[in-house]
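Contents: one structure, followed by commentary.
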Amino acid sequence: METFSFQAIAHVESPYKEKFGTPRQPGLVATTLGHIHLREDLNPDALEGLAEYSHAWLVFVFHANDSFKTGKPFVKTKVHPPRLEGRAVGVFSSRSPHRPNPIGLSLVKIEKIEGRRLTVSGLDLIDGTPILDIKPHLPSIEAPQGAFEGWSAQVAAPRFQVAWSPSARADLLRLTPHASDDARADIATAIESILKLDPRPVAYRGTDENPDPYMSRYGFRFEGWNVVFEMKDGVSARTAEITVIEPWRS
Ligand SMILES: C[S@@+](CC[C@H](N)C(=O)[O-])C[C@H]1O[C@@H](n2cnc3c(N)ncnc32)[C@H](O)[C@@H]1O
């Protein structure tokens, strides 16, 4: 068996600190910013010319997969994407993090390049993700005419309503004393966008008989905060109500 060994060329600084609450694909939470820090021994001229492009591909390692902790490689050939609620597909027709080589690919918007730091928006990567490569997106080649999507286009993504409790609004104000109104609105929009798409893994969603196995209350880590939300039944759709935003304590 051929093996290859690569060194990360950069690491990600991201507001998403854990898998839960991280968007499932890039662009779903478009306003969120992240920074890619190039390795110290790489000359920043490696990034020269990239600012002329609007988007870049990030090739990265799913370093937070359990397989790295257990040392047991992932060998399954079928995976259960959250949107298929139980149905399995072949791993290579999926974007699952659990694959024979845990390598991911994300298209992000380039915002700014300063020295070794590349600022991007719309990322779907957690803090500390090792980057193996960065490549410009070439829309003339990478948006082929007649391209079509398979099973992922046939399953509607969940759409929740999102509500704020008055105390959660007050929490956000209190925790961002120096933010401008626009910056605070961006944070609120990011949190709402995460919740609209139902960040809960399939196992957390329960069954018809027991729809909320975790007592309807969940928390995810975003920036330096724990964002707590509760699932409620709204008039026409399920509602995720943000109830508390508090400093993250490990
Ligand atoms: C479904 S994958 C898609 C990633 C990439 N766009 C792709 O298609 O290869 C995105 C999910 O991977 C998880 N994830 C992000 N960064 C990770 C990391 N460094 N290690 C393990 N899982 C990660 C998060 O749960 C995120 O929602």
field: Greater than 24 Å apart at Cα, pairs in Lys17/Lys112; Lys19/Lys69; Lys19/Lys109; Lys112/Lys135; Lys69/Lys109; Lys17/Lys69
entry: Lys69/Lys109
query: Taking 0.36 nm per intervening residue step and subtracting the Cα-Cα distance, what contour gain separates Ala88 from Lys76 on full extension?
result: 3.2 nm
query: What relative contact order, as a whole-number percentage, does segment 59-110 give when Cα pairs under 8 Å and 6 or more residues apart are counted?
result: 42
- request: Evaluate Rg over Rh across segment 10-142, taking Cα atoms for both radii and Kirkwood's formula for Rh.
  value: 0.98
- prompt: So what are the three principal axis dimensions of the chain from its Cα atoms, in whole Å, longest to shortest?
  reply: 51, 47, 42
message: Report the gain in length on full extension from Phe148 to Thr31: 0.36 nm times residue separation, minus Cα-Cα distance, nm rounded to one decimal.
response: 39.5 nm
- prompt: Counting GluC sites (Glu not before Pro) as exposed when in a DSSP loop with at most 16 other beta carbons within 10 Å, what is the longest stretch of the chain free of them?
  reply: 86-148
- prompt: Relative to a virtual label point 7 Å from the Cα of Tyr53 in the Cα→beta-carbon direction, which members of segment 125-143 show backbone nitrogen distances below 19 Å?
  reply: 125, 130-143
field: 17 Å reach of a label modelled at Ser180, 7 Å along Cα-to-Cβ, counting backbone N of segment 103-130
entry: 112
message: Charges at C-beta only: +1 for Lys and Arg, -1 for Asp and Glu. How large is the resulting dipole of segment 10-142 about its Cα centre, in Debye rounded to 20?
response: 820
- prompt: How much mean residue ellipticity at 222 nm does the chain get from its helices, if each DSSP H run of length 4 or more adds -39500 (n - 2.57) and you divide by all residues, to the nearest 500 deg cm²/dmol?
  reply: -4500 deg cm²/dmol
query: In terms of modelled amide H atoms, which long-range or inter-chain residues lie less than 5 Å from the amide H of His55?
result: Ile110, His137
- prompt: Can you give the charge dipole size of segment 96-250 about its Cα centre, rounded to the nearest 20 debye, using +1 on the beta carbon of Lys and Arg and -1 on the beta carbon of Asp and Glu?
  reply: 240
field: Spin-label proximity, Glu111 to segment 33-47 - amide N less than 11 Å from point 7 Å beyond Cα toward beta carbon
entry: 33-36
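Read-outs throughout are calculated quantities, based only on the coordinates presented, and are distinct from any laboratory measurement. A quick note: this is a predicted structure, and the numbers were derived from the prediction, not measured. Cβ coordinates were reconstructed from backbone atoms using ideal geometry, including for glycine residues, and neighbour counts include every protein chain displayed.
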